[in-house]
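**Q** Can you keep this structure in mind? I'll have questions shortly.
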Amino acid sequence: MLKKRQILCDGVKLLLLGMRLKTAQRWVKDDWKKSKPVDEKTEILFMLEELGEFAEMIRKTEGHKNRKELKVDLEKELGDLLICLATLANRHGVDLEQAFLKCKKKIENRHKQGF
């Protein structure tokens, strides 16, 4: 019973993202069916490109860009990364929500004693 309650609690936390990861992943899969197929190498290159754009936004935190503009840019780039991640997960049949929950549990177990 406690395990089900924990999963429910984690699911509620994920809903705070505005959409469950499983729903987001399904949307990506359905939407990508409308476009021409892309091979895995290209998908990974897209992800690296988006990661580079995110890194550039982080670098700009030390520059002259105002905070509001920076937040909008960071949100856009992180959103792009999530789409890329969902695309790769779909290709390999990985449920991102389950992957997140398993990783979360692993980290919690590793850090029970604190850092």
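**Q** Being among the aromatic types (Phe, Trp, Tyr), assigned to a helix (DSSP H, G or I) and closer than 14 Å to Leu21 by Cβ, is that true of even one residue in region 51-74? Walk me through how you get there before you give the answer.
**A** Applying the first criterion (among the aromatic types (Phe, Trp, Tyr)) to region 51-74 yields 54.
Filter once more, keeping what is assigned to a helix (DSSP H, G or I): 54.
If we keep only those that are closer than 14 Å to Leu21 by Cβ as well, we get none.
Within region 51-74 (the criterion being among the aromatic types (Phe, Trp, Tyr), assigned to a helix (DSSP H, G or I) and closer than 14 Å to Leu21 by Cβ), the answer is no, since none of the residues qualifies.
**Q** Among the numbered criteria (1) more than 19 Å from the chain's Cα centre (by Cα); (2) surrounded by 12 or more Cβ atoms within 10 Å (Cβ to Cβ); (3) modelled with pLDDT of 85 or more, which one does Leu85 miss?
**A** The one condition Leu85 does not meet is (1).
**Q** Kindly evaluate Lys3 against the criterion of being modelled with pLDDT under 85, out of contact with any strand residue (DSSP E or B) (no Cβ under 9 Å at 6 or more places or on another chain) and part of a helix (DSSP H, G or I).
**A** Working: modelled with pLDDT under 85: yes; out of contact with any strand residue (DSSP E or B) (no Cβ under 9 Å at 6 or more places or on another chain): yes; part of a helix (DSSP H, G or I): yes.
Considered against the rule, which asks whether it is modelled with pLDDT under 85, out of contact with any strand residue (DSSP E or B) (no Cβ under 9 Å at 6 or more places or on another chain) and part of a helix (DSSP H, G or I), Lys3 comes out as yes.
**Q** Taking only pairs six or more apart or across chains, which ones have beta-carbon atoms under 7 Å, a first residue in region 25-36 that is aliphatic (A, V, I, L, M), and a second residue that is part of a helix (DSSP H, G or I)?
**A** Within 7 Å, the pairs are Val28/Ile83; Val28/Ala86; Val28/Thr87; Val28/Asn90.
**Q** Taking Cys9, is it under 23 Å from Gln98 (Cα atoms) and either among the basic types (Lys, Arg) or at pLDDT below 85 (or both)? First the steps, then the outcome.
**A** Details: under 23 Å from Gln98 (Cα atoms): yes; either among the basic types (Lys, Arg) or at pLDDT below 85 (or both): yes.
Criteria met by Cys9.
**Q** Which of the residues that make up region 14-34 are modelled with pLDDT of 50 or more, of a type outside the set (S, T, N, Q) and in a helix (DSSP H, G or I)?
**A** Leu21, Lys22, Ala24, Arg26, Trp27, Val28, Lys29, Asp30, Asp31, Trp32
**Q** Kindly indicate whether any position in region 94-105 is at pLDDT 90 or above, closer than 22 Å to Trp32 by Cβ and in a loop (DSSP other than H, G, I, E, B).
**A** yes
**Q** Okay, moving on. On the given criteria, is Arg91 over 13 Å from the mean Cα position of the chain (by Cα) and in contact (Cβ under 8 Å) with a residue 40 or more places away in the chain? Step through it out loud before you land on a result.
**A** Details: over 13 Å from the mean Cα position of the chain (by Cα): yes; in contact (Cβ under 8 Å) with a residue 40 or more places away in the chain: yes.
When the stated conditions are applied, Arg91 passes them.
**Q** State whether one or more residues within region 78-88 are under 27 Å from Lys33 (Cα atoms) and either part of a loop (DSSP other than H, G, I, E, B) or without any contact (Cβ under 8 Å) to a residue 12 or more places away in the chain (or both). Working first, answer last.
**A** Residues of region 78-88 that are under 27 Å from Lys33 (Cα atoms), as a first pass: 78-88.
Filter again for either part of a loop (DSSP other than H, G, I, E, B) or without any contact (Cβ under 8 Å) to a residue 12 or more places away in the chain (or both), leaving 79.
Within region 78-88, one or more residues are under 27 Å from Lys33 (Cα atoms) and either part of a loop (DSSP other than H, G, I, E, B) or without any contact (Cβ under 8 Å) to a residue 12 or more places away in the chain (or both).
The values are calculated or read from the model by the stated rules, or taken from the named source; none is laboratory data. What you are looking at is a predicted structure, and each value in this text was computed from that prediction instead of being measured. Every residue, glycine among them, receives a Cβ derived from its backbone with ideal geometry; neighbour counts consider all protein chains shown.
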